[in-house]
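Notes follow once the structure below has been shown.
Read-outs throughout are calculated quantities, based only on the coordinates presented, and are distinct from any laboratory measurement. Because the structure is a prediction, the values reported are computed rather than measured. Neighbour counts are summed over all protein chains in view; Cβ atoms, including those assigned to glycine, are modelled from backbone coordinates with ideal geometry.
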Amino acid sequence: MTSATLTTAPAGDAAAAAREAAPTVPGARGRAWAPTLAAVGRRLVGAVVVLWASVTVAFVALQLAPGSSIDALVPPTQRTPEAVAAVTAEWGLDRPVVQQYVDYLVRLLHGDLGTSYQLHRPVTDVIVSELGPTLQLAAAGLAVALVLAVLLAVSTAGRPWASRIANGIELTIVSVPEFWLGIVLLFVFSFSLGWFPVAGANGIASLVLPATALGLGLVGLVSQVLREGVERSLEQPYALSVRARGVSETALRVRHSLRHASLPVVTLLGWLVGGLLGGVIIVEQVFGRPGIGVVALQAAQGRDLPVVLGVALLSALVYVVVNTVVDLLALVIDPRLRTGAGHDRRARDHGRAAVVGHGRPPGRGPAAGARSPPPDAALGRAARVRGARAAPAGRRVPRAVRLARAA
Amino acid sequence: MSATSARSHGPLRRRPAALAATALSVSAALVLAACSGGADAGTKASDSATPQAGGTLTWGVETEPVTLNPQLNGQDKTKLLLRNAYEQLLARQDDGTYVPWLASAYKVSDDELTYTFTLRDDVTFWDGEKLDAAAVVTNLKQQLNPKYNPYGAAGPLSHLKSATATDDRTVTLVLKEKYAPFLDYVGSLPLISPKSYAKADVQAGGPDIAGTGPFVLTKYVKGQELDFTKNKDYAWAPATAKHQGAAYLDALTYRFLPESSVRLGALQSGQVDVIEGVPGTQAAQFQKNGAFTYQTALNTGTPYSLYFNTLSGPTSDVKVREAFRDAVDLDAVLKSVYAGQRTRAWSAVSPEDPSFYDKSLEGTYGNDKDAANKLLDEAGWTGRDSDGYRTKDGKRLTITDYQSQPYVRDQRDTLLQAIQAQVKQNAGIDFDVQVVDSGVSDEHRAKNDYGTYDNSNTNPDGVDIEYHWLPADKGGFINLSNVTDPQLTTWLTAAQQTTDTAKRAEQYDALQQYVIKEKAYSFPLYEPEDQIAASSKVHGTGFRTYYQLPEGAYDVWLSK
C-alpha cells in the first residue's frame with residue numbers, strides 16, 4: 001500500500017521538487033524502490049519499538065503501583081498462607097520481576113499473551129471476542145464526529161453570527177463529560193421517547209446512542225480546526241477565481257475549501273483515536289455494552305497484569321496503524337506532499353506550520369503552505385499538534401485545541 | 001427489623017420471629033422429606049393469583065460475574081444469576097434449619113465428626129450426567145485440587161479427613177475435629193457435573209459447565225448479558241421454593257447495567273422487567289407507584305462498620321474510640337444520606353440474624369456530644385489548632401480512613417463525609433476520609449497505617465464474627481481492629497465447638513457487648529441491604545431464605 005502510493009506520487013505536480021531533492025542518476029529507475037523500502041523498514045522498526053515501549057511502560061507502571069496482584073487475586077477472607085502460596089505458584093509470581101518481564105516478552109514473541117488472572121481465559125481470546133463491539137462503537141463514534149464537524153464547519157465558516165453560535169455549542173459539548181452526555185441521551189431518547197434500546201450490542205439501533213455520546217465529545221475540536229481551515233481557504237485568491245467562474249458558494253466550500261481544510265484534521269486523527277479509546281471505556285460502562293473498555297477497566301482494578309498488558313499492546317497497535325493511515329491519507333489529500341525523500345528542515349517546518357494551520361510560509365504563494373514534508377516526517381501525527389506549542393505567540397489557535405492541550 | 005417491613009412496598013419478606021431449635025440435632029437421623037410440604041408460610045404474602053407459565057423475563061443487574069463457575073465465584077452480588085443453574089445438597093429455612101434439596105436426608109454422628117448425606121435418585125445435570133454419590137465426592141475433592149481451586153484446601157474443607165461414596169446414593173464425610181460451620185459449607189456448595197472438570201474453560205465457567213438447576217445457561221456475552229432457558233426436566237426444587245416441577249418462565253436474560261440511573265431508567269421505560277440495586281434516594285419512586293413492586297432484605301453477616309486501629313495512632317486509646325462514636329448523631333446522618341431508607345446497625349452481627357444479633361445493644365451508646373468532649377479532655381487532647389481541631393503536644397487529632405474505591409458503593413463515601421462533618425463540629429476530631437484504589441488501601445492496612453477501616457461482609461452463621469475477631473493468623477482474615485485479646489478467642493472457640501445455637505449465641509452475645517460497647521473496637525453504622533424493584537406484571541421475586549440475597553427466577557412468573 002505504502003509503496004504504491006509513494007512510487008506513483010513523484011509523477012505528480014511536484015515532480016520538480018522531487019528532482020531537486022533526489023538528483024537524477026542514470027539507472028535510478030531501478031532504484032526508485034530503495035527509498036520506499038527504507039521508509040517502510042523505518043516504519044516497521046518504529047512500530048516494533050512503539051509496541052515494546054508501551055508493554056514495558058505498562059509493566060513497570062503496574063509493578064510500581066501500590067498493592068500486589070496477590071491481594072487483588074485472593075479474597076481477604078481466604079488469604080491463608082496456603083492459598084497465597086498456591087496462587088503465587090499458579091501464576092509464577094514468585095519469580096523475580098525481571099524474569100517475569102523477560103518471560104512475558106519471550107512468550108509475546110511466540111504470540112502468547114498469557115492467561116487472564118481473573119477470567120481464567122487466554123488474553124488473546126478475551127481481546128478477540130471483545131474487539132468487534134468496540135471497533136463498531138469507535139468507528140461509529142468517529143463517523144458521527146466527522147459528519148457533524150463537517151456540517152458545522154462548512155455551514156458556519158466565514159459567517160460571523162453562525163460561527164459564534166456554533167462555537168458556543170462546540171465548546172459546551174467539549175466541556176461535557178461523556179458519562180453525563182450518555183446519561184442525558186439515554187433519558188431523552190431511550191427512557192422517555194423509547195426510540196433506541198438502553199443497552200447491549202444488538203444491531204444498529206443499539207449503536208446510535210453510544211456512538212453519538214462518544215462522537216459528540218470529539219465534534220467540538222474537529223469542527224473548530226475545520227472551520228479555521230475553511231475560513232482561511234475562502235480568503236485565498238483561488239477562492240476568488242472559483243467564485244468568478246460562477247461556482248456556487250456551497251460548491252466552493254464543499255469541493256474546494258473542505259479539501260484544503262481537511263489536512264489538519266487528518267493529522268488530528270491520532271489525537272481523535274486517543275479520545276475514542278478513552279471514551280469507549282466510559283461509554284461502554286454507561287450503556288452496558290460489551291467491549292475492550294469494560295475488560296480494561298476490570299483488569300486495571302483487579303491488577304490483572306496479562307490483560308492490562310494485552311490492552312496496552314492493542315492500543316499501541318491501533319496508534320501505529322492509525323498513524324500509517326493518516327500519513328497515506330495526507331498523501332491522497334494533498335498532492336504537494338508526494339514529493340518523496342526531501343529531507344530539508346525548512347520544508348519540514350513549513351509542513352508543521354501548515355498542519356497547525358495558522359502561518360503562511362514566507363516567500364511562497366498563499367496556498368503553498370505544505371511544500372514537501374518528507375513522508376516519514378508525518379510519523380507521530382499527534383506530536384505534530386503538540387509541536388504547535390512552538391508556534392509564534394499571537395497566532396490564533398482554536399480554543400478547542402487549547403482546551404485539549406490543557407486537559 | 002420493623003423498619004424493613006414498614007418501608008417494603010411489595011411482597012414482604014419476614015422471617016418467623018421464633019427460633020427453631022438447633023441447626024442440626026446431634027445423633028438424630030433427620031429424614032427431612034417431611035418438611036417438603038410447603039414453603040415458609042409467612043414469606044410471600046401477596047401474589048395470590050394463580051401463576052401462569054410462559055414468557056421471557058429480562059432482569060437488569062448491577063454486577064457482572066468475574067467467573068461463571070459457581071464454586072469459584074465469591075461475589076455475593078452475582079449469586080442471583082448463578083442460582084438459576086447450579087444447586088446444592090441442602091437449603092436453609094429462615095430460622096437456619098436445613099431442609100432437603102439434592103440430598104433427601106442427612107445425618108450427623110454423635111461425636112459430630114461423621115456427616116452422611118443421602119441423595120435423591122432422580123437428579124441429572126443438563127449434560128446428561130447423573131447426580132450420584134461419586135459425583136458429589138468428585139466435586140468435594142476438586143475443591144482440594146489447588147490447580148482448580150487455590151483457596152479450597154484452606155477453607156472449611158481443611159477440617160475434612162475423608163470423603164467417600166459409600167454406595168450409589170450415600171456420601172460419607174469424616175472430619176478431623178468438630179467444626180460447626182461445616183454443614184453450611186457442604187450443604188451450600190453448588191454442584192457441577194463431574195464431566196465439567198475436564199473442560200478447558202472450567203474455571204471461567206459458562207454454558208459448558210453443566211448444573212442441575214431449573215434453568216440451563218445458554219449464552220454469555222461478556223459486558224452485556226447472560227441468557228438462560230427453562231430446564232424442562234426439572235423436578236427437584238427444595239422445600240423452600242414456592243412450587244415444584246419446571247420453572248414458569250421459558251427464558252431468562254440478565255442484562256449487566258452497572259450504572260444505577262441507567263438501570264432505573266430501563267425499568268421505568270419497560271426495557272427490563274426487574275432490577276436489583278436501587279439507591280436509597282431513588283426508592284420512593286417505586287414504593288409509591290402502583291406500576292412497580294419494591295422489596296428489600298437486610299444482608300446477613302456483619303454490618304457496614306468502622307473498625308478502629310487499636311495498635312497505633314490515637315485510636316489505640318479506648319477513650320478516643322468511645323469519643324468518636326459518641327460525637328456522631330448516626331440516626332440523623334443515616335436519615336439525611338439515605339432518605340431514611342437504611343437500617344441502623346448496633347452490634348457486630350446483622351439485625352437480620354435472628355440467632356446471634358444482640359438486640360440489647362440498641363440505643364445504649366452514641367450521640368452524646370458532652371461525653372465525647374469529656375472523654376477527649378481526659379485523654380489529653382485538650383489543645384485546639386487554628387482550624388478548630390483538637391491537639392495533643394501540638395499534634396492534631398487526626399483519624400484517617402482509606403476507603404477502597406472498588407468497595408465504595410451505596411453512597412458510602414457520602415456517609416463517611418457526613419460523619420466527618422459531625423465529629424469535627426461536635427468534638428474537634430479530624431476524620432480524614434480518603435478514597436483510594438484498592439492497592440493503596442491494602443498497603444495502608446499491611447503497614448497498620450490507618451485510623452479506621454470501613455468494611456461490611458455477608459457470611460452468615462457466625463463465620464463473619466470469626467473473620468473479624470479471631471487473631472489474624474488464626475482465621476481472623478479481616479481482623480481490621482488488630483485485636484489479639486485472648487478473651488475473644490475463648491468465646492469464639494467455645495462457639496465453634498458446639499452446634500447448639502443457643503449456646504453459640506451466649507458466646508457471641510458476650511463478645512458483642514465487649515467489642516462494641518466496652519472496648520469500642522468497632523463502630524457499626526448501617527446494615528447493607530438488597531433491593532428488588534419490578535414491574536407489577538412480574539410475580540414471585542424475592543430473597544433466598546436465610547441467606548437473604550436475591551433469589552433466582554425459579555418461582556417468577558409473568559401475568560399476561
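Please report the spacing between the Cα centers of the range B:395-441 and the range A:49-97 in Å, no decimals.
One Cα centre to the other: 28 Å.
Applying the Karplus parametrisation 6.51 cos²θ - 1.76 cosθ + 1.60 with θ = phi - 60° to the phi angles of the range A:58-70, what ³J(HN,Hα) value in whole Hz is obtained for each residue in order, glycine and proline being reported as x?
Per-residue couplings from phi come out as 4, 4, 5, 4, 5, 5, 7, 4, x, x, 10, 4, 4 Hz.
For the range A:72-197, give the magnitude of the charge dipole about the Cα centre (Cβ charges: +1 Lys/Arg, -1 Asp/Glu; no others), in debye to the nearest 20.
Rounded to the nearest 20 debye, it is 500 debye.
Could you sort out which of B:K230/B:K537; B:K222/B:K560; B:K219/B:K288; B:K147/B:K230; B:K107/B:K232; B:K161/B:K199 sit more than 25 Å apart by Cα distance in this structure?
Beyond 25 Å: B:K222/B:K560; B:K219/B:K288; B:K147/B:K230; B:K107/B:K232; B:K161/B:K199.
To test your reading of the geometry: what angle, between 0 and 90 degrees and rounded to tens, separates the Cα axis of helix B:412-427 from the longest principal axis of chain B?
20 degrees
So how strong a dipole does chain B carry about its Cα centre when Lys and Arg Cβ are +1 and Asp and Glu Cβ are -1, to the nearest 20 debye?
700 debye
Count, for each residue of B:199-209, the Cβ atoms from other chains sitting within 10 Å of its Cβ, then give me the mean as a whole number.
Averaged over the peptide's residues, the number is 2.
Per residue of the range B:66-74, in order, report the coupling 6.51 cos²θ - 1.76 cosθ + 1.60 (Karplus, θ = phi - 60°) as ³J(HN,Hα) in whole Hz, putting x for Gly and Pro.
Here the 3J(HN,Hα) series is 6, 10, 8, 6, x, 7, 9, 7, x Hz.
Going by amide H atoms built from the backbone, whose H comes under 5 Å of the H on B:T124, apart from near neighbours?
B:L131
Starting from the Cα gyration tensor of the range B:421-543, take the square roots of the eigenvalues, sort them a ≥ b ≥ c, and report rounded, prolate or oblate (rounded when a/c is under 1.5, otherwise prolate if a/b is larger than b/c, else oblate).
Here the range B:421-543 falls in the oblate category.
So, with +1 on the Cβ of K and R and -1 on the Cβ of D and E, and no other charges, what is the size of the charge dipole of the range A:123-303 about its Cα centre, to the nearest 20 debye?
600 debye
Would you pull out the residues with amide H under 5 Å of B:Q403's amide H, same chain only if 5 or more places away, H placed 1.01 Å from N?
The list, which skips near neighbours in sequence, is B:Q434, B:V435, B:V436.
I'd like to compare A:101-109, B:523-531, B:55-63: which one has the highest average count of other Cβ atoms within 10 Å, and what's the full order after that?
B:523-531, B:55-63, A:101-109
Going by C-beta contacts inside 10 Å, put A:I70, B:I399, A:I204 in order with the fewest on the left.
In increasing order of surrounding Cβ atoms, one gets A:I204, A:I70, B:I399.
Among B:F308, B:F431, which comes first, then next, by fewest other beta-carbon atoms within 10 Å?
B:F431, B:F308
Over 26 Å between Cα atoms, which of B:K178/B:K474; B:K392/B:K424; B:K335/B:K447 qualify?
Long pairs (Cα-Cα over 26 Å): B:K335/B:K447.
Any idea which of A:P177, A:A140, A:L152 is furthest toward the positive side of the dipole for the range A:123-303, if Lys and Arg beta-carbons carry +1 and Asp and Glu beta-carbons -1?
A:L152
Hey, what do the phi angles of the range B:487-503 turn into as Karplus ³J(HN,Hα) couplings, whole Hz, using 6.51/-1.76/1.60 and θ = phi - 60°, x for Gly and Pro?
4, 5, 4, 4, 4, 5, 5, 4, 5, 5, 9, 9, 9, 7, 4, 5, 5
Jot down the per residue volume, in cubic angstrom and as a whole number, of the convex hull over the alpha-carbon atoms of the range A:123-303.
Each residue corresponds to 132 Å³ of Cα convex hull volume.
Looking at A:V247, A:F187, A:V266, which one has the Cα that reaches farthest to the positive end of the dipole of the range A:123-303 (charges on Cβ: Lys, Arg +1; Asp, Glu -1)?
A:V247
How crowded by other chains is A:78-84, given as the mean number of beta carbons from other chains within 10 Å of each beta carbon?
Mean partner-chain Cβ count within 10 Å for A:78-84: 6.
Taking H as built 1.01 Å from N, whose amide H comes closer than 5 Å to the amide H of B:T212, not counting residues under 5 places away?
B:E87
Under 15 Å between alpha carbons, and skipping anything fewer than 8 positions from B:K519 in its own chain: which aspartates and glutamates qualify?
The reachable aspartates and glutamates, counting only those whose Cα sits under 15 Å from B:K519, are B:D317, B:E322, B:D326, B:D485, B:D509.
By how many degrees, 0 to 90 and rounded to 10, does the Cα axis of helix B:369-378 deviate from the longest principal axis of chain B?
Taking Cα atoms only, the helix is inclined about 60 degrees.
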